[in-house]
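A short write-up of the structure that comes next.
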Amino acid sequence: MRHGLIALAFPFLLAMPGLAAVAAGSLPAQSSSVAGVTVKATPRTLAAPVWEFELVFDTHTQDLNDDPAKSASLHAAGGAGAAPLAWQGDPPGGHHRKGVLRFKAMTPKPAALELRLQRAGESSPRVFRWPLK
């Protein structure tokens, strides 16, 4: 009986603007392809005390020797950047890498986030943006 009520109420909850984002549960993955290297960034958790972003690097043109712990930063919209606490993932080298960047949670939670990744040999950082409010 309870599951039936939830199933009936769910479409109405999604139709309410304030609850739709909560029901979605996660922010979308974003990809950037430059000079034969694709980087995919996905927010995993934005819960205190640590925010996590999954990064996937793919290429067939060069070895991936990036150090995301040194080349990434997290910014509130228009704000100063914060360095990652840690990179937990594949070591440098190869053509495919995956891991998680961990950052100290921003308080208060900003209206939008930017994850910036400055790769060696690229003139400008790759920027991944997500609205939070």
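The values are calculated or read from the model by the stated rules, or taken from the named source; none is laboratory data. As the structure is a computational prediction, the values presented were derived from the model and not from experiment. The accessibility values were calculated without ligands, DNA or RNA, using every heavy atom of the protein model including side chains. Shrake-Rupley method; radii C 1.70, N 1.55, O 1.52, S 1.80 Å.
Values as computed for the structure displayed
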quantity: Residue among 74, 85 that alone is open to solvent by less than 50 Å² (accessible area, probe 1.4 Å) and at pLDDT 95 or above; calculated: 74
quantity: Of all residues in segment 79-133 being part of a strand (DSSP E or B) and small (Gly, Ala, Ser), the one that is nearest to residue 28 (Cα to Cα); calculated: 112
quantity: Index of the failed condition, residue 107 passing every other in (1) open to solvent by 70 Å² or more (accessible area, probe 1.4 Å); (2) polar (S, T, N, Q); (3) closer than 21 Å to residue 34 by Cα; calculated: (3)
quantity: Considering residues of segment 45-62 that are outside any strand (DSSP E or B) and more than 14 Å from residue 33 (Cα to Cα) only, the residue most open to solvent (accessible area, probe 1.4 Å); calculated: 49
